[in-house]
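See structure below.
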Amino acid sequence: MPSPSCLLRPVRQAAFRPRPQVLKRKLALIAQTQTRLASNVSGNDQKFTPAPPGEEPKGPNEGVSHSMHVTEEQAAYDKIQGDTPPDIDGQGTPVQEVLQRDGVSEDKIPQVMKDDMQPPGSGQKRSYSTSARRLAHTDMAQSQISENGMVVGMEYPDAGPGHKFPLPDVSSVSRLDHLKRRYDPVVEQVTKSIMRDGKLSLAQKNMSTILSILRTAPPPQLNPAFPGRTLLLSDSASASTSTPQPPNQNPFSPVPTPPDAPPTHLPRSTLPLHPIEYLTTTIDSIAPLVKIRQQKGLAGGGASLPIPVPLGIRQRRRQAIQWILAAADARKEVKLAERVAKTLVEIAEGRSPVWERRGMVHRLGVSARSNVRSGRGGMRRR
Amino acid sequence: MADAAKVGSVLALDGPVIDQLREAKAFKTTQNWNLFRAPSTLARAETIEVAADIQDVNDSLGDTAGLGATTMRRVVTGEKASGKSIHLLQAMSLAYLNKWVVVNVPDCQEYVINQSAYTPAATKEGDQSKDQMYNQPQLAADLLSRLAYSNADILTKLKPIHKHGDRIDSRKSKNLKDLALIGAEDRIMAPRVWDATWKELTVPVEGAKEKRPPVMVAIDGVNFWMGETRYRSSDYKVIHAHQFTLVKQFLDLLFSRGQNSLGNGGMVMAVTTKSNHPITPAFELLVRQTRARQDGVEMTDSSFPLGDQYAKMPDPRVAELFHPDTQTAVTELKGLSRPESKGLLEYFAKSGIFREAVTDSEVAEKWSLSGGGIVGEMCKLGARTRVGIYATGPREGVKVRV
């Protein structure tokens with residue numbers, strides 16, 4: 001609401017009508033000011049001419065009769081205008097809403113409007129869920145919403161909600177259809193570890209020979225001298241104590257994820273018939289869980305501090321493969337494939353010194369477990 | 001193995017037969033034995049044919065030595081890995097089971113690559129115009145050794161009946177095995193001892209009551225003998241394979257040149273090899289022509305195979321092998337039939353190597369993938385390992401075939 005101080009300036013937005021009393025006084029003051037200005041423009045002195053007799057010079061706020069407080073004045077204005085604020089934006093209420101609100105009877109509503117109106121109870125049925133993982137059946141339920149076939153929010157009903165084109169059917173596509181992932185991951189890792197000078201096909205031939213030898217090997221027996229050297233099988237003593245964990249379908253659930261190297265569900269006696277499982281089980285059993293990092297100078301007196309560092313599944317397997325290849329080179333057979341295969345069989349039967357190497361790493365890791373925090377962080381405390 | 005109802009089933013070999021085959025060097029590393037504990041072979045339609053031929057030879061033999069003796073002559077061809085060497089092994093097994101004497105040449109390549117000693121053979125009088133022939137003593141010794149040890153049971157019961165010259169007769173060998181071992185142990189004597197042993201086995205004494213057993217001659221890789229060798233004469237001229245006495249002897253027998261035949265009956269089976277083989281256009285053309293003639297295609301037909309007009313002249317020594325009097329039959333080994341391939345895959349499945357269910361669609365798939373049932377390819381497919389079974393893991397393994 002324009003205040004009385006703006007009376008000197010021309011009023012552009014005359015959206016209200018002030019009280020007649022105030023208006024008269026304002027008009028008188030405007031006339032007075034205009035005569036004063038006109039006399040100045042006509043070249044008279046710049047000196048202030050005295051006011052005509054009978055009237056003293058008044059300031060901007062002095063001509064107005066302040067019979068009321070500003071807030072009272074505001075309240076009076078509001079009463080005139082009504083309690084609802086004016087619709088300054090210019091958007092009118094839709095007629096349908098007005099009719100609905102006022103409860104106008106149906107015979108008064110034009111037919112065209114009646115045709116466009118939606119039956120009560122329909123309207124925005126769109127789910128405002130922002131979760132990206134929606135199950136298929138809820139999508140189906142949402143798409144079958146209204147009885148007269150109006151599906152709100154689905155401009156492209158062939159596609160799922162929020163999509164313009166239907167998503168491709170990926171149920172028939174498997175990992176093997178990807179050209180660069182077409183081999184078993186463990187087999188691929190071992191093959192590339194065997195490869196020399198970039199001769200991949202030769203390494204693959206050797207790998208195939210290794211798997212053939214594993215196939216014709218007898219089932220691996222437990223070594224009674226070293227009962228701790230067991231394979232990662234679901235029927236072995238170590239696995240029976242742990243509770244079986246279900247495969248984790250929902251990545252958001254609080255259920256802990258299963259281990260990277262799960263125990264093989266095949267019985268020990270049938271391992272040679274599944275040479276890839278035999279290989280995977282052996283490598284995962286012999287793989288160390290940690291590596292020992294030596295941090296220089298932290299142990300005091302210039303000595304380095306051993307810090308155990310956890311390894312991921314691929315790192316563990318790589319370490320196991322390196323140990324296996326080193327142990328294989330110590331054997332007397334001429335062919336590489338025979339050496340590696342017989343080393344694997346020895347490890348599976350618990351007779352290999354590679355187990356001792358793994359045990360050493362784990363023992364050192366356990367004894368140095370308190371150093372885990374020492375290596376972390378940037379600045380070293382002095 | 002001779003039973004027609006057994007086509008498509010995999011039959012195990014008997015223990016004594018396995019020992020004999022091993023002594024004869026019939027087992028090769030290219031024959032898919034290494035995945036199985038005991039050697040077994042698939043009985044094919046061609047196996048039944050060989051068994052029938054052996055039976056025919058047995059039936060034709062009369063009461064006295066050499067009476068009614070027939071010599072069967074076969075050349076077996078086929079694609080790579082179509083089962084030719086195994087076919088030869090099956091023929092040898094059948095011969096051993098029928099108490100025949102088996103002479104095996106496991107690898108013809110040894111005779112032509114100049115890795116064995118060779119000596120000029122004495123030319124006979126009146127043969128000045130003919131080629132200089134050569135002996136290969138070590139190869140003759142190896143031949144005698146295989147013969148002696150693989151046929152030990154039969155040869156110890158046969159006594160020498162011919163005269164072979166002082167050097168050999170003075171040793172007074174009690175039986176044919178001892179005779180053969182003279183040459184096996186003494187390399188210099190080997191060519192003469194070979195001639196003597198061969199004469200004992202294939203030249204009967206007319207009217208003798210004691211019958212000698214028929215002889216099976218098995219030759220693997222005969223296309224190596226159809227061209228020039230890596231040997232050179234004293235004039236530094238290349239020696240042709242047919243100038244070697246052993247090679248010439250076997251080829252004369254195979255293509256019935258001269259009077260060469262098995263006097264006590266028997267069979268000569270030669271098998272070609274398609275892996276690492278020499279280029280022998282003349283031999284290949286003649287094989288095609290023989291097969292065309294067998295199929296009934298006349299020489300005047302437009303579809304009769306003719307040589308390339310603009311190629312080099314074919315090897316004359318090879319060209320004259322298939323003369324009109326030859327009775328050598330050429331067999332081509334093709335792919336397996338569906339029942340045979342099913343039997344083979346079932347064998348692999350029962351051995352625990354093939355992990356899929358052996359249904360008709362699976363058999364059809366493997367049959368197609370192996371190029372129409374080529375045995376070697378089908379064995380590779382049956383023994384294949386691909387992806388393992390993966391439960392869970394960061395590499396999202398998928399359960400596929402093992």
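Output yes when any residue across the range B:353-371 is assigned by TED's automatic domain parsing to the domain that holds B:Leu35, open to solvent by less than 70 Å² (accessible area, probe 1.4 Å) and of a type in the set (Lys, Arg), and no when none is. For the range B:353-371, residues assigned by TED's automatic domain parsing to the domain that holds B:Leu35, open to solvent by less than 70 Å² (accessible area, probe 1.4 Å) and of a type in the set (Lys, Arg): absent. Taken over the range A:164-197, the criterion of being in contact with a Leu (Cβ under 9 Å, 6 or more places away or on another chain), open to solvent by 80 Å² or more (accessible area, probe 1.4 Å) and within 14 Å of another protein chain (Cβ to nearest Cβ) is satisfied by A:Arg182, A:Tyr183.
Okay, residues lined up against (1) closer than 23 Å to A:Leu273 by Cα; (2) aromatic (Phe, Trp, Tyr):
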residue: B:Val10; (1), (2): yes, no
residue: B:Val17; (1), (2): no, no
residue: B:Arg22; (1), (2): no, no
residue: B:Thr29; (1), (2): yes, no
residue: B:Asn32; (1), (2): yes, no
residue: B:Phe36; (1), (2): yes, yes
residue: B:Pro39; (1), (2): yes, no
residue: B:Leu42; (1), (2): yes, no
residue: B:Ile48; (1), (2): no, no
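Residues in the range A:295-312 include none that are out of contact with any strand residue (DSSP E or B) (no Cβ under 8 Å at 6 or more places or on another chain) and of a type outside the set (Gly, Ala, Ser).
Residues checked against (1) in a strand (DSSP E or B); (2) in contact with a Gly (Cβ under 7 Å, 6 or more places away or on another chain); (3) touching a residue at least 60 places away in the same chain (Cβ under 8 Å); (4) assigned by TED's automatic domain parsing to the domain that holds B:Leu21:
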{"site": "B:Val76", "(1), (2), (3), (4)": "yes, no, yes, yes"}
{"site": "B:His87", "(1), (2), (3), (4)": "no, no, yes, yes"}
{"site": "B:Gln90", "(1), (2), (3), (4)": "no, no, yes, yes"}
{"site": "B:Lys99", "(1), (2), (3), (4)": "no, no, yes, yes"}
{"site": "B:Gln109", "(1), (2), (3), (4)": "no, yes, yes, yes"}
{"site": "B:Ala141", "(1), (2), (3), (4)": "no, yes, no, yes"}
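When A:Pro220 is tested against (1) over 23 Å from B:Asn32 (Cβ atoms); (2) more than 9 Å from chain B (Cβ to nearest Cβ); (3) part of a helix (DSSP H, G or I); (4) open to solvent by less than 60 Å² (accessible area, probe 1.4 Å), only condition (3) is not met.
Checked against (1) surrounded by fewer than 16 Cβ atoms within 10 Å (Cβ to Cβ); (2) part of a loop (DSSP other than H, G, I, E, B); (3) of a type in the set (A, V, I, L, M, F, W, C); (4) away from chain A (no Cβ under 14 Å), B:Ala69 passes all but a single condition, namely (1).
Only a single criterion out of (1) free of Cβ contacts under 8 Å to residues at least 12 places away in the same chain; (2) of a type in the set (A, V, I, L, M); (3) buried (at least 20 other Cβ atoms within 10 Å of the Cβ) is not satisfied by A:Leu200, namely (3). Residues considered: B:Ala122, B:Ala95. Of these, the only one that is hydrophobic (A, V, I, L, M, F, W, C) and touching a residue at least 12 places away in the same chain (Cβ under 8 Å) is B:Ala95.
Exactly one residue among A:Ala237, A:Ala225 is more than 14 Å from every other protein chain (Cβ to nearest Cβ), more than 40 Å from the chain's Cα centre (by Cα) and at pLDDT below 85, and that residue is A:Ala237.
Close Cβ contacts (under 7 Å, 6 or more residues apart or on different chains) running from residues in the range B:23-42 that are not assigned by TED's automatic domain parsing to the domain that holds B:Met269 to residues that are crowded, with 18+ Cβ neighbours inside 10 Å are absent. The residues of the range B:261-288 that are within 25 Å of B:Leu89 (Cβ to Cβ), open to solvent by 20 Å² or more (accessible area, probe 1.4 Å) and in contact with an Asp or Glu (Cβ under 8 Å, 6 or more places away or on another chain), listed by number, are B:Thr273, B:Lys274. Restricting the range B:11-39 to residues that are assigned to a helix (DSSP H, G or I) and surrounded by fewer than 14 Cβ atoms within 10 Å (Cβ to Cβ), which is nearest to the other protein chains (Cβ to nearest Cβ)? Within the range B:11-39, the match that is nearest to the other protein chains (Cβ to nearest Cβ) is B:Thr29. Restricted to strands (runs of 3 or more DSSP E) entirely inside the range B:148-250, those with at least 1 residues that are open to solvent by 20 Å² or more (accessible area, probe 1.4 Å) and in contact (Cβ under 8 Å) with a residue 60 or more places away in the chain are B:228-232. Could you check, for the range B:40-57, whether at least one of its residues is more than 14 Å from chain A (Cβ to nearest Cβ), open to solvent by 10 Å² or more (accessible area, probe 1.4 Å), over 17 Å from B:Gly8 (Cα atoms) and in a loop (DSSP other than H, G, I, E, B)? Taking every residue of the range B:40-57 in turn, none turns out to be more than 14 Å from chain A (Cβ to nearest Cβ), open to solvent by 10 Å² or more (accessible area, probe 1.4 Å), over 17 Å from B:Gly8 (Cα atoms) and in a loop (DSSP other than H, G, I, E, B). Would you confirm, using the coordinates I've provided, whether B:Arg317 is in a helix (DSSP H, G or I), more than 30 Å from B:Met133 (Cβ to Cβ) and in the same structural domain as B:Asn32 (by TED's automatic domain parsing)? So B:Arg317 fails the test.
B:Arg338 falls short on exactly one of the conditions (1) at pLDDT 90 or above; (2) open to solvent by less than 30 Å² (accessible area, probe 1.4 Å); (3) touching a helix residue (DSSP H, G or I) at 6+ places or on another chain (Cβ under 7 Å), and that condition is (2). Among residues of the range A:240-258 being open to solvent by less than 60 Å² (accessible area, probe 1.4 Å) and within 10 Å of chain B (Cβ to nearest Cβ), the one that is modelled with the highest pLDDT is A:Pro258. Among the residues making up the range A:259-278, those that are part of a helix (DSSP H, G or I) and either facing chain B (nearest Cβ under 8 Å) or of a type in the set (Val, Ile, Thr) (or both) are A:Thr270, A:Leu273, A:Pro275, A:Ile276, A:Glu277.
Residues that are open to solvent by less than 60 Å² (accessible area, probe 1.4 Å) and touching a strand residue (DSSP E or B) at 6+ places or on another chain (Cβ under 8 Å) were ranked within the range B:316-335; the one that is farthest from B:His87 (Cα to Cα) is B:Thr326.
The values are calculated or read from the model by the stated rules, or taken from the named source; none is laboratory data. Computed from a predicted model, the values in this text were never measured in an experiment. Positions of Cβ are backbone-derived with ideal geometry, glycine not excepted, and every protein chain shown enters the neighbour counts. Just so you know, the surface numbers come from the protein's heavy atoms only, side chains and all, with ligands and any DNA or RNA stripped out. Shrake-Rupley method; radii C 1.70, N 1.55, O 1.52, S 1.80 Å.
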